[in-house]
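S.K.: Encoded as structure tokens, here's the structure I'll be asking about.
The values are calculated or read from the model by the stated rules, or taken from the named source; none is laboratory data. Just so it is clear, the structure is predicted and the values come from calculations on it, not from any experiment. Because the Cβ atoms are built from the backbone with ideal geometry, glycine has one as well, and the counts that use them run over all protein chains shown. When the accessible area is computed, the model is the full protein with side chains, heavy atoms only, and any ligands, DNA or RNA have been set aside. Shrake-Rupley method; radii C 1.70, N 1.55, O 1.52, S 1.80 Å.
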Amino acid sequence: MLNKILGRSKSQPFDQTDEVVLPIVWLLGKTGAGKSSLVCALTDQSDVEVGNGFKSCTRYANSYDFPPELPLVRFLDTRGLGEAGYDPAQDLEACRDRSHALLVVCRLNDPVQGMVADALADIVRQDKSMRAILVLTGKDLITDLDAQERARRAITAQMNRAARQELPVVTLTLAPSEAKDVEGLDELSRHLLGVLPAAGLLLEKNRASDAEQIEFQNHKRCVLSYASVALTTGVAPVVGIAAVPATQLKMLHELGRRYGVKWDRRIGVAFLSTMGLGIGARYATNFALREITKLVPVYGQTVGAATAGAISFASTYALGRAASYFLFRNANGSLPSEDELRKVYQRAFNRSSDEAN
């Protein structure tokens, strides 16, 4: 479990030089199912950008880090299942140990999905914590609506049997030329947000409705990068006691610089007083309990560490979101009320927490 939280193989890390452990989204499916097109659609990158960005990480699997300039999520793409002469067993085992969420990609007009179902069944049997989403592509390839619905039901039933649960299902049309605006992509982003908040928050499309939200989109990746660092340091016993608050302090100073507001004692006091003592006291109590829990043998090093990492991520993201709101209002001469800021913080925490989704 701890290896899955960290996103690393039990035997071999992806990249020894990684400073931030990336949440990993694994794409599983046959050749031609639309896995690369799906990555293009989720990241708003072109076929060329994504194609050039993939790099080998096992013998038959490739990874793509996004955004390229400051990676915050990694897509893992295994070789297409069902290829002649290809035994995927070794790759599936290696990828399973490294992944946090699984996108099972199937083309609607291809009813022969037995190998994908077998692979999914094996993955779930070996790792019951794996969170999977079924993505059905090629909606435009079946023009008859009744036939389209029959195909959807047949593939869905097959994958649900393999997973021994009812999977979230999204149906997409993935033509490369239209990958920037894909019907059903918002629904997939919402499911991904529930399965893996770190990736879902990064990949959700901009739905900003006012000046403050539009401005935050310019700094969202910065906040997510600090939250990812907090997740990594928050997993380790004792280390998180100093590392997580230090990470959050650095984030606040960076956000102040970005919003053109010097984060001095006056601004800090104004922010904390507006946030309210309730949130601060509750956070401090939860933080202390998390650190104590992580010291408990076996339980603390698995479940306790997982919870600590998730809450460190969520609380850091929420703090960054609240600080961004506060700094924007401060720069525009209108400080928010305690109630306003508290709602911003709570909403951001709920959206970025596994426990809240």
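S.K.: Counting only residues 5 or more places away or on other chains, whose amide H sits under 5 Å from the amide H of residue 46 once H atoms are built in the peptide plane?
M.R.: Amide H to amide H, under 5 Å and 5 or more residues apart or across chains, residue 46 pairs with nothing.
S.K.: With all protein chains present and a 1.4 Å probe, how do 150, 258, 329, 164 order by accessible area, largest first? Write out the running numbers ahead of the final one.
M.R.: Values: 150 150, 258 90, 329 45, 164 200 Å².
Largest accessible area first, the residues go 164, 150, 258, 329.
S.K.: What net charge is computed for the residues neighbouring residue 38, neighbours being all others with C-beta under 12 Å from the C-beta of residue 38, Lys and Arg scored +1, Asp and Glu -1? If you can, show how the numbers build up before the last one.
M.R.: Working: positive: 35, 107; negative: 47, 77.
Once all neighbours under 12 Å are counted, the net charge is 0.
S.K.: Using the Karplus curve 6.51 cos²θ - 1.76 cosθ + 1.60 with θ = phi - 60°, work out ³J(HN,Hα) for each residue of the stretch 111-125 in order, rounded to whole Hz, and write x for Gly and Pro.
M.R.: These are the phi-based 3J(HN,Hα) values: x, 8, 10, x, 5, 5, 4, 5, 5, 4, 4, 5, 4, 5, 5 Hz.
S.K.: Amide H neighbours of residue 137 under 5 Å, at least 5 residues apart or on other chains, H built in the peptide plane: list them.
M.R.: Answer set, sorted by chain and number: 106, 107, 108, 172.
S.K.: Provide the per-residue ³J(HN,Hα) series for the stretch 61-70, in order, calculated from phi with Karplus coefficients 6.51, -1.76, 1.60 and θ = phi - 60°, each as a whole number of Hz, with x at glycine and proline positions.
M.R.: Listing the rounded values in order: 10, 10, 10, 9, 9, 9, x, x, 6, 8 Hz.
S.K.: Oh, and also: I'd like the carbon and sulfur percentage of the solvent accessible area for the stretch 99-207, probe radius 1.4 Å, heavy atoms only, ligands and nucleic acids excluded. Don't skip to the end; give the middle numbers.
M.R.: On the way: 2430 of 5130 Å².
For the stretch 99-207, the apolar C and S fraction of the accessible surface comes to 48 percent.
S.K.: Mind listing the phi-derived Karplus ³J(HN,Hα) values for the stretch 249-255, rounded to whole Hz, using 6.51, -1.76 and 1.60 with θ = phi - 60°, and x for any glycine or proline?
M.R.: Karplus-based 3J(HN,Hα) across the stretch 249-255 equals 5, 4, 4, 4, 5, 5, 5 Hz.
S.K.: Using the Cβ atoms and a cut-off under 13 Å, what net charge is assigned to the surroundings of residue 252, where Lys and Arg are +1 and Asp and Glu are -1?
M.R.: Net charge around residue 252: +4.
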